[in-house]
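Read-outs throughout are calculated quantities, based only on the coordinates presented, and are distinct from any laboratory measurement. Keep in mind that this is a model prediction, so the values were computed, not measured. Backbone-built Cβ (ideal geometry, glycine too); neighbour counts: all protein chains shown.
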Amino acid sequence: MQGKHWQVIKITALALLLIALMVYGFLANEARKEVRFLCGNFSTGVSHTSVIRQLNTANFADYRETASEQGSRIMFSSPINFRYFRCYIELDQYGDVTHADYE
């Protein structure tokens with residue numbers, strides 16, 4: 001009887017693990033799509049205000065902005081997929097997008 005009990009526990013644990021992996025896979029894919037989609041919105045001339053407003057709509061990703069002599073650079077990515085998919089947005093000294101690259 002005790003052997004059957006452990007078998008049920010093992011099967012339940014395996015089922016829960018598979019469900020967790022499926023949920024994680026779904027969320028990681030949604031995070032990837034979110035970064036890719038929003039990165040495509042940033043063409044030359046888009047204002048800093050517009051970029052930040054759009055990035056703040058993200059559910060699964062966040063951004064970090066660093067200043068430089070030429071302007072600033074924003075890295076937009078998701079911790080869900082360990083920041084593997086990234087969007088780099090370069091802005092000039094006036095706060096306008098010069099280019100955005102999805103990696």
task: Normalise the Cα radius of gyration of the stretch 1-48 by 2.2 N^0.38 Å (N = residues in it) and let me know the number.
output: 2.21
field: Computed E for GLN93/ARG36 - FRET, C-beta separation, R0 35 angstrom, nearest 0.05
entry: 0.80
query: Mind checking the angle between helix 2-39 and the chain's longest principal axis? C-alpha axes, 0 to 90 degrees, to the nearest 10.
result: 10
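Give me the percent relative contact order of the chain, please, defined on Cα pairs under 8 angstrom at least 6 residues apart. Provide the component values of the computation, followed by the final result.
Working: 153 pairs, mean separation 26.1, N = 103.
About 25 percent, as a whole number.
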message: For the chain, what are Rg and Dmax over the alpha carbons, in angstrom?
response: 20.4, 74
message: Show me the GluC sites (Glu not before Pro) within the stretch 26-86 that DSSP assigns to loop and that have at most 13 other Cβ atoms within 10 Å of their Cβ.
response: GLU69
message: As an exercise, identify the chymotrypsin sites (Phe, Trp or Tyr not before Pro) in the chain lying in DSSP coil whose Cβ has no more than 13 other Cβ atoms within 10 Å.
response: PHE82, TYR84, TYR94
